[in-house]
Amino acid sequence: MRPFLCFLALCGLLAPPSFAADGLDSHLRLNQIVTIGTHNSYKQALSPQELALIASRNPKGAASIDYGHRSLTEQLNAGVRQVELDFYHDPEGGRFAAPKGPALVGRALPEGFAGPMRAPGLKVFHIPDIDPYSLCQPFTACMAEIRRWSDDHPDHVPLLIMINAKQDASPVPGGTGALPFDAAAFDNVDREIRSVLPPEKLITPDDVQGAYPTLRDAVRAGNWPTLAKARGKIWFALDEGPQVVALYRGARRSLEGRVMFINTDENSPAAAYITLNDPLADAARIRAAVAAGLVVRTRADADTVEARNNDTGPRDAALAGGAQYVSTDYIWPDPRFTDYQVRLPGGAVALCNPVSAPGACGGRPVE
């Protein structure tokens, strides 16, 4: 972290030297940091009436979605460096403009809800009909907010945008479920991303693969960009299962020409990123994936369980285990539950990774 004022040699006494200042920014790579992200970063809290209706049919399900976030800008200001956005395919527009869930409990839709929903394009929300609210809408508006923040903070460590391409049916009888994603729909995803973010703001699979035969070969050789080259940039990972990521990948050897990295097994020619969400059960696999050069996202908490019980075991394992991006629903505690939250020590936004960073790094902050 850079001090606000530096007076010659006294600067080093006032704050830890930044990597940019001491030259290590040119050696430390994207996969050699650890930072915090949020899960379903767009999600707004449901009303008590909506939660009660869901709980009357599925108490565990209602408890699992009983959370919400502050705006993307507030999250980024607080140190979040991984954002998760769920979106639905809506090529004609208007498909999700009148969700049934709010009407079942007499809740009026928020002012301005329907307008962005009527335009063609990807729509950001959690579950059709019963959890339809988003902090930003449509997807391109979410990306525009992130870009504005990034442009205003050009020294941030690489910002990962995790994507879920949702294809859920509506849990409400007569509700409106998702349209499937096919190759053409995924081509549109890339177009929407590129419509907001120019090439100089992006880190793509081609940037990492370089001249290597495959993306897997590149990351095993350590070809992730250095922080000196990656600060202020944004990259994407499609966090889906094998069938969905295969549609996005198509017949490519790796991910040539694509914007997003994909969640895939460690031996795939397209391997660079992997989601391993259980830092306890997946501990050995996380360390092995990190050792193989991959970037890993794991979770410190899920379904509100850890926050309700103030269970810090998964959080502590996640931060120590080598995963570069640790996701949470609790950048801020939920006062209804406990004081559980997830932050890095000392107020750092990003640290040298405890597993993959060079030994001289120690636990030093890099943002």
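The values are calculated or read from the model by the stated rules, or taken from the named source; none is laboratory data. A quick note: this is a predicted structure, and the numbers were derived from the prediction, not measured. Don't worry about glycine lacking a Cβ; one is built from the backbone with ideal geometry, like all the others, and counts go over all protein chains shown. Remember, those area values only see protein heavy atoms, side chains included, never the ligands or the DNA or RNA. Shrake-Rupley method; radii C 1.70, N 1.55, O 1.52, S 1.80 Å.
Ligands, DNA and RNA excluded, the heavy atoms of His69 present near 30 Å² of accessible surface to a 1.4 Å solvent probe.
Max-minus-min Cα coordinates of region 129-279 on each principal axis give 52, 38, 34 Å, with the largest extent listed first. The charge dipole of region 43-159, taken about its Cα centre with unit charges on the Cβ atoms of Lys, Arg (+1), Asp and Glu (-1) only, comes to about 320 debye. For region 114-267, the share of DSSP beta bridges that are antiparallel, to the nearest 5, is 10%. For Val295, the amide hydrogen comes within under 5 Å of the amide hydrogens of Tyr273, Ile274, counting only partners 5 or more places away or on other chains and with H modelled in the peptide plane.
Sorting Leu30, Leu135 on solvent-accessible area from highest to lowest, probe radius 1.4 Å, gives Leu135, Leu30.
Look at the Cα gyration tensor of region 318-367: its axes a ≥ b ≥ c give a/c of at least 1.5 with a/b over b/c, and that counts as prolate. Note that region 26-150 carries a Kirkwood radius of 15.8 Å, evaluated over its alpha carbons pair by pair. For the chain, modelled as a GNM whose springs connect Cα atoms under 10 angstrom apart, the maximal fluctuation among Lys166, Lys100, Lys60 occurs at Lys60. Under a model in which nothing but the beta-carbon of Lys, Arg (+1) and Asp, Glu (-1) is charged, the chain shows a dipole of about 300 debye around its Cα centre. Taking every lysine pair in the chain that is 8 or more places apart or spans two chains, those with Cα atoms closer than 27 Å amount to 18. Measuring with a 1.4 angstrom probe and ignoring ligands and nucleic acids, Glu50 comes out at about 10 Å² accessible.
Among DSSP beta bridges lying fully in the chain, give the percent that are antiparallel, nearest 5.
Roughly 25 percent of the beta bridges in the chain run antiparallel, per DSSP.
Charged side chains reduced to their Cβ positions (Lys and Arg at +1, Asp and Glu at -1) give region 246-290 a dipole of some 200 debye around its Cα centre. Placing pseudo-labels 7 Å out from each Cα toward the beta carbon at Leu202 and Asp190 gives an inter-label distance of 0.8 nm.
Using a 1.4 Å probe and ignoring any ligands, DNA or RNA, find the accessible area of Asp152 and quote it in Å² to the nearest 10. Its heavy atoms expose roughly 110 Å² to the probe.
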